[in-house]
Amino acid sequence: MQQLEGLTRAAAAPMEFPPSSGLTTSYDIAMLGSVKLTADPDVAAWLGKRPATEWDAGNSSKSQAKHGFSIADVDSLLDAPVLFAGRVVEPTHEEPRYLLLGVTADGRSAALVFARRGEKLRPISCRAMRKKEKEAYDAAT
C-alpha cells in the first residue's frame with residue numbers, strides 16, 4: 001500500500017498534510033471490499049470554498065435511515081474543517097466520487113462520500129468513520 005501524497009483540510013484555506021497521516025490509497029471497507037483513493041487537488045481547493053449541497057430524494061433519506069446522519073449533520077460537517085481523503089478510484093462509478101472526513105456539530109466523526117455536480121456537492125452517503133479513517137483524521141487535525 002502507498003501513502004497518499006497529501007491530505008487536504010478544507011476550510012477557508014485548504015492545507016496540505018504529510019503522508020504520515022495514516023490514510024492509505026487502499027483500505028478495506030467491510031461492505032464494499034477494497035477501496036482505492038487518489039489525490040485530487042482541484043476538488044480539494046473547491047471544498048475550501050464551502051460549496052452548496054444538492055441532495056436527491058433517495059440519498060437524503062438513506063444516510064439518516066442507514067447510518068443516523070441527517071441533512072443537518074452533513075451541513076454541520078461541511079461548515080467545520082474537514083479532511084479531504086481523495087477521489088475514489090476503486091470501486092469505479094459512472095460519476096467520480098470523493099471521500100472526506102470530519103466531525104458534525106454534535107461531535108460525531110463522519111465519512112462523507114460525495115459527487116461534484118458543477119459547483120454543487122451532492123452527498124451520496126454519510127456514515128461513521130472506520131477505524132483507519134478515524135486514525136488518519138486524528139493524526140492530521
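The values are calculated or read from the model by the stated rules, or taken from the named source; none is laboratory data. The shown structure was predicted, so the numbers you read here are calculated from the model rather than taken from an experiment. Glycine also receives a Cβ, built like all others from the backbone with ideal geometry; neighbour counts cover every protein chain displayed.
Here are the numbers:
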| quantity | calculated |
| --- | --- |
| Subset of the stretch 110-126 (residues that are surrounded by fewer than 19 Cβ atoms within 10 Å (Cβ to Cβ) and either within 11 Å of the chain's Cα centre (by Cα) or among the charged types (D, E, K, R) (or both)) | Ala115, Arg117, Glu119, Lys120, Arg122, Ser125 |
| Which listed residue is of a type outside the set (S, T, N, Q) and closer than 15 Å to Leu47 by Cβ, from Gly107, Gly86, Gly68 | Gly86 |
| Qualifying positions in the stretch 107-130 - modelled with pLDDT under 95, more than 22 Å from Ala57 (Cβ to Cβ) and of a type in the set (Lys, Arg) | Arg130 |
| Filter result for Ser70 (under 11 Å from the mean Cα position of the chain (by Cα) and surrounded by fewer than 18 Cβ atoms within 10 Å (Cβ to Cβ)) | no |
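Yes/no matrix, rows are residues, columns are (1) out of contact with any Lys or Arg (no Cβ under 6 Å at 6 or more places or on another chain); (2) of a type in the set (A, V, I, L, M); (3) within 18 Å of Lys120 (Cβ to Cβ):
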| site | (1), (2), (3) |
| --- | --- |
| His67 | no, no, no |
| Leu77 | yes, yes, yes |
| Phe84 | yes, no, yes |
| Thr92 | yes, no, no |
| Glu95 | yes, no, yes |
| Tyr98 | no, no, yes |
| Leu101 | yes, yes, no |
| Arg108 | yes, no, no |
